[in-house]
Amino acid sequence: MVDELKFQVLATVAREDVDRGPPFYLLVSTCTTQVALARRDGEDRFVPVNGPYSFDQIERAAAAVLAGNPRTLTAPATPRALALGYTAFIALYRRQLEEIDAASAALSGALPLPAPERKRRPRATAQPTRGRCRPPRRACSPARRAEGEMRAIDAEPFQKAFWADFAGADRDLGAAPMLQWVKIEQLRVDPTYQRDITAEGRRSLFAIARNFDWSKFAPLIVAPIEGGLYAVIDGQHRATAAALRKIESVPCNVVIADQAKQAAAFAAVNGQVTKLSSVAIYHARVSAGDKEAVICNEVCRAADVNVLRYPVQSTLMKRGDTIAPNVILAAIARHGRDTVATALSCVTQTAEGNPGMLGKPVIEALCTVLGAAKEWRDAGEKLLEAFDDFDFKAELIAARVTHHTKGQALNGVLCARLTQYLQQKLPLPAKVGAA
């Protein structure tokens, strides 16, 4: 069954297979990554009749159909997946237009006005920080926090979902922990459930020690054992890093637990970790004033690129949206900020902005080509006019087909296609080309 708490009803679909039968429902996951067609089973349950399909699956199926893959064309699931994807896209697009119209009407008190035409920005200059880039966002000041930018801890939105299938309301919460400072020499690691410090752990250990700051140090979780000692349930890397920095005592949450409960706590603490996405880490680095992240933020702003704060399917992105900050960071380190700013502008400032195309393949290929041919990079408006007629999506699909069918590197194929296109639009001397 499809859980209504994870999926939301996007639209109803009238049935033609039975006369006056109950409608089907088009569902989309709350994180907009999957879509399904379902029938209602009771008040709060849905049973899928088609799907669910992830948008990645739908996109791959569409690419295979466009490429003429015979196996995909004859697969019975292909038309259903494409129909679901198309219907969901139209429904989401209409919902977005309605929200925009409603917001415009509320602001103007009249009929919504058409959105102003967005003018294309010129290519970033050799010094993009001088008069072109907006300054990086500052951390929230106390005055701005009072305006509501920071949110309170609120469990209300999750109450219904949590208590619907939780039968442990009367379960004992255990003894309350006690926070205290414990000498590192009193800490012990139980090898029956604790892991050794591996090569990866060693890198993490060194990073904590080199950048040690109490504001980044979470208290250890320990349990008292015989001899006035404490078994480390969570935090052996942090404790070892503190010892490297000649620190004698560390803050600890002391819990009462025997060995079995210690092992269970270790599994729970390390198994239920909310993994941070690369975009969340990037925005945290920008807010912290990290030099590389701030430079990346300036380059993105100069090219009208918006690094989203959570992962979104490329088909749902708007002009300038991207979830590839690490790709941009690596490109700046390799090619320089001017080349990257120009490459990003070739996507955001041409045609209709090419939404969904600011991913790793396109960014890396553009930076490689423009980094190797400075004449193209410095062509200014002529370069943007050349890319007005370049179909990034179609070219990326064609490059992927060549990559899969002939085994050629995707970056190399896309670089070749970009170079061939630019050579036709902006011919260069034969000795100048892409690397």
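Laboratory data are not the source of any read-out in this text; all were calculated from the coordinates shown. Computed from a predicted structure; not experimentally measured. Cβ atoms come from the backbone with ideal geometry, glycine included; neighbour counts cover every protein chain shown.
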Estimated translational D of segment 316-371 in µm²/s (Stokes, Kirkwood radius over Cα pairs; 4 °C; 1.567 mPa s): 118 µm²/s
Within a 10 angstrom radius of the beta carbon, how do 362, 413, 254, 65 rank from fewest other beta carbons to most? 65, 254, 413, 362
Which residues qualify? For residue 50, with a placed amide H closer than 5 Å and at least 5 residues away or on another chain, they are 37
Can you list the HN-Hα couplings for segment 289-294, worked out from phi with the Karplus curve (6.51, -1.76, 1.60; θ = phi - 60°), rounded to whole Hz and with x for Gly and Pro? x, 4, 4, 5, 5, 5
Residue list for segment 252-291, given a label point 7 angstrom along the Cα-to-Cβ vector of residue 309 and an amide N cut-off under 12 Å: 280, 283-284
With label points set 7 Å from each Cα along the Cα-to-Cβ direction at residue 153 and residue 56, the distance between them in nm comes to 3.3 nm
Taking the Cα centre as origin and putting +1 on Lys and Arg beta-carbons and -1 on Asp and Glu beta-carbons, what dipole magnitude results for segment 178-271, to the nearest 20 debye? 380 debye
Length gained, residue 318-residue 426, 0.36 nm per residue minus C-alpha separation, equals 36.0 nm
Between residue 225 and residues 5 or more places away or on another chain, the pairs with built amide H atoms under 5 Å apart involve 230, 231
Tell me, what ³J(HN,Hα) does each residue in segment 297-310 have, in order and in whole Hz, if you take phi through Karplus 6.51 cos²θ - 1.76 cosθ + 1.60 with θ = phi - 60° and put x for Gly and Pro? 4, 5, 4, 5, 5, 4, 9, 6, 9, 10, 7, 5, 9, 7
If I take R0 = 30 Å and measure r between the Cβ atoms of residue 225 and residue 173 in this structure, what FRET efficiency does the formula 1/(1 + (r/R0)^6) give, to the nearest 0.05? 0.85
Residue-wise, which Karplus ³J(HN,Hα) couplings in Hz belong to segment 254-267, taking 6.51 cos²θ - 1.76 cosθ + 1.60, θ = phi - 60°, and x for glycine or proline? 8, 10, 8, 7, 7, 4, 5, 5, 4, 5, 5, 5, 4, 5
Can you compute the equivalent ellipsoid semi-axes for segment 289-425, i.e. the square root of 5 times each eigenvalue of the Cα gyration tensor, sorted largest first and rounded to whole Å? 22, 18, 15
Residues whose built amide H sits under 5 Å from the amide H of residue 249, excluding neighbours closer than 5 in sequence, are 184
Could you tell me whether segment 187-281 comes out rounded, prolate or oblate from its Cα gyration tensor? Rule is a ≥ b ≥ c as square roots of the eigenvalues, rounded for a/c under 1.5, then prolate if a/b exceeds b/c, otherwise oblate. oblate
